[in-house]
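Engineer: Okay, handing you the structure first.
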Amino acid sequence: MLRARLALALLCAVAAPVAAQAQKSIDPGMSQAKVVERLGEPDASRVSGDFKYLFYHNSCIRTCGMDDVVILQKDSVVDAMFRSADRSYTGKSSSPRAIRRRLPLARGPVPAMYLPERWCRQEA
């Protein structure tokens with residue numbers, strides 16, 4: 001009897017993380033309610049025509065440049081772009097692959113050619 005309880009406890013301990021990971025995946029065609037059930041309430045949302053954009057903070061906003069976003073059309077998921085490692089989209093995402101930064105990070109004074117004033121200056 002003790003072995004059966006131990007085996008059941010071990011099975012539950014292993015199954016729980018797998019279930020938690022599965023809850024973080026978004027499928028094409030899901031409703032907004034189902035997305036919110038899996039990911040929680042969005043940090044922000046926007047509407048444009050038939051489209052609704054649900055934004056979720058991730059841990060890489062400073063390095064990857066964007067929040068995670070789920071795109072719905074008429075309450076049905078049509079796309080999702082995730083940079084967070086604990087979220088995934090099972091459909092084909094329109095998200096481009098990551099690109100490297102072209103300019104080096106500033107470590108000291110920024111050269112004048114990179115200052116916005118120079119770009120906006122009008123010739124007299």
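The values are calculated or read from the model by the stated rules, or taken from the named source; none is laboratory data. These numbers were taken from a predicted model, which means no experiment stands behind them. Methodologically, a virtual Cβ is constructed for each residue, glycine included, from the backbone with ideal geometry; neighbour enumeration extends over all protein chains shown.
Engineer: Can you tell me which residue is farthest from Ser31 (Cα to Cα) among those in region 77-116 that are modelled with pLDDT of 85 or more and among the basic types (Lys, Arg)?
Structural biologist: Within region 77-116, the match that is farthest from Ser31 (Cα to Cα) is Arg83.
Engineer: Within region 48-60, is even one residue surrounded by fewer than 12 Cβ atoms within 10 Å (Cβ to Cβ) and touching a strand residue (DSSP E or B) at 6+ places or on another chain (Cβ under 7 Å)?
Structural biologist: Scanning region 48-60, I find at least one residue that is surrounded by fewer than 12 Cβ atoms within 10 Å (Cβ to Cβ) and touching a strand residue (DSSP E or B) at 6+ places or on another chain (Cβ under 7 Å), so the answer is yes.
Engineer: Just the residues that are of a type in the set (A, V, I, L, M), assigned to a strand (DSSP E or B) and within 15 Å of Asp79 (Cβ to Cβ), please, taken from region 32-61. So that I can check it myself, show each step before the final result.
Structural biologist: Taking region 32-61 first, the residues of a type in the set (A, V, I, L, M) are 33, 35-36, 39, 44, 47, 54, 61.
The next check asks that each one be assigned to a strand (DSSP E or B); those that pass are 44, 47, 54.
Within region 32-61, Leu54 is the sole residue that qualifies.
Engineer: I need every pair where a residue in region 30-51 that is more than 18 Å from Met81 (Cβ to Cβ) has its Cβ under 8 Å from the Cβ of a residue that is loosely packed, with under 11 Cβ neighbours inside 10 Å, sequence separation at least 6 or different chains.
Structural biologist: Asp50/Lys74
Engineer: Hey, another quick one. Hey, can you tell me all the residues within region 44-71 that are aliphatic (A, V, I, L, M) and within 14 Å of Ser94 (Cβ to Cβ)? Steps first, please.
Structural biologist: The initial filter retains those residues of region 44-71 that are aliphatic (A, V, I, L, M), namely 44, 47, 54, 61, 66, 69-71.
Across region 44-71, the qualifying residues are Met66, Val69, Val70, Ile71.
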